[in-house]
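**Student:** One structure is given below, represented as structure tokens, and several questions about it will come after.
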Amino acid sequence: MIRRLSQLARARFLGVFAGGAISCAAITLFFFQVRAFAQGSIVTIGPSAQILPPSSIYSFPDGQAYVYGVEWHFLNAGTATVRMDQDGTSQKVNAIADSAGVANVLYAVHDHFEAQFDSKTFCSLGLKKHSEEGPHKRDTKVTFDYHKRKSLFQEKNLKTGETKQLENDIPLCVTDVVTGFYYLSSLPLQPGNSYTFPVSDGGKNAEVTAHVEGKEKVKVPAGSFQTIRISAEASSGTLKGKGKVWAWFTDDAKHTPVQMRAKLSWGTLLFRLNRVDRH
């Protein structure tokens, strides 16, 4: 019986981490399941789905790194760090995800992501990913060509040398699975507001709708904060209604994301802000 329970626990962990939960935790900290939405089916982007440019009073958190602890069923699953810096006329976001504890023993994950977006429009310019997930090692590059309305997805298996290339249609402007939560933090987060926007990782597009639900005080390792709670989920496609994410942003001009929670079919992931590093 004990051996069987151990096997079931290991299978459950492998299902979580092999599915990219901890790896996507760093790139999204809010939209980590959007990748699954996008790869599951073609999503028609409606006229109401759009990326809004940042307001003139919004200030990018340049030089700040958000460091999160990741929990799965109250167990330490790893850490996720996201940092933004100015890069000429664009903004660059670096994200790192590392598994820890039992998760690292069962399915080690060490991923690094880099994304860029236009600071005036918030349109994503491209995305790079180096992933080490269990026995798999890959390099991925995604570029967005808005003149041609195309995304180009390129991937190389670092163990076999095998390469893959895909081209997909995109709307006039998209955000990506790395910078999506920065985009949300730039919006006027007034209770009752809703926003629908396109997200892409170079695969098929996803349409996500976010609702500003209300205000709430939360306590995380970084401290206690007055926050604005937002929920987000796929608003079209085959995975509509099969997962939901909540995020808590500080109720001030910074809109710092201090906590994220994702409820999916295999369980719940919780991201809690440990600290903000400034450079």
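Where a number appears in this text, it was derived from the coordinates with a stated rule and is not lab data. Quantities reported herein were computed from a predicted structural model and do not represent experimental measurements. Cβ coordinates were reconstructed from backbone atoms using ideal geometry, including for glycine residues, and neighbour counts include every protein chain displayed.
**Student:** Take the residue pairs 164/254; 128/215; 120/156; 128/254; 215/263 and return only those whose Cα atoms are more than 30 Å apart.
**Tutor:** Correct reply: 164/254; 128/215; 120/156.
**Student:** Could you give the length gained by full extension between residue 158 and residue 254, i.e. 0.36 nm per residue of separation minus their alpha carbon distance, to one decimal place?
**Tutor:** 30.6 nm
**Student:** Next up: Using the Cα gyration tensor of the range 86-203, with a ≥ b ≥ c the square roots of its eigenvalues, what is the shape: rounded (a/c below 1.5), prolate (a/b larger than b/c) or oblate (neither)?
**Tutor:** oblate
**Student:** Label residue 118 and residue 166 with points 7 Å out from Cα along Cα→Cβ: what is the distance between them in nm?
**Tutor:** 2.5 nm
**Student:** Would you work out the relative contact order for the range 170-213, in percent, from Cα pairs under 8 angstrom that are 6 or more residues apart?
**Tutor:** 40 percent
**Student:** In nm, to one decimal, how far is the modelled label at residue 193 from the one at residue 224, with both set 7 Å along Cα→Cβ?
**Tutor:** Once both label points are built, they end up 2.7 nm from each other.
**Student:** I would also like to ask the following. Evaluate the relative contact order of the range 125-279 (contact order divided by residue number), counting alpha-carbon pairs under 8 angstrom at least 6 apart; express in whole percent.
**Tutor:** That works out to 13 percent.
**Student:** Straight-line reach from residue 244: which aspartates and glutamates have Cα under 16 Å away, leaving out those fewer than 8 places along the same chain?
**Tutor:** Reachable aspartates and glutamates: 207, 213, 233.
**Student:** Separate question: Any idea how far apart residue 186 and residue 90 come out in nm if each label point goes 7 Å out from Cα toward Cβ?
**Tutor:** 1.3 nm
**Student:** Then there's this: Using θ = phi - 60° and the Karplus form 6.51 cos²θ - 1.76 cosθ + 1.60, what ³J(HN,Hα) does each residue of the range 139-153 get, whole Hz, x for Gly and Pro?
**Tutor:** For the range 139-153, the Karplus-derived couplings read 10, 10, 9, 10, 10, 10, 10, 6, 5, 8, 6, 9, 10, 10, 10 Hz, x marking Gly and Pro.
**Student:** Within straight cross-link reach of residue 217, meaning Cα distance under 18 Å, which aspartates and glutamates are found once same-chain residues fewer than 8 apart are removed?
**Tutor:** 251, 252
**Student:** Here's another thing I want to ask about it. Under 19 Å from the Cα of residue 148, which aspartates and glutamates turn up, not counting those fewer than eight places away in the same chain?
**Tutor:** 118, 167, 169, 176, 201
**Student:** Is the shape of the range 131-170 rounded, prolate or oblate, going by the alpha carbon gyration tensor and its root eigenvalues a ≥ b ≥ c, with a/c under 1.5 for rounded and a/b larger than b/c for prolate?
**Tutor:** Prolate, since a/c reaches 1.5 and a/b exceeds b/c.
**Student:** Here's a follow-up. Starting from the amide H of residue 215, placed 1.01 Å from N in the peptide plane, find each other amide H under 5 Å away whose residue is 5 or more places distant or on another chain.
**Tutor:** The answer is 229.
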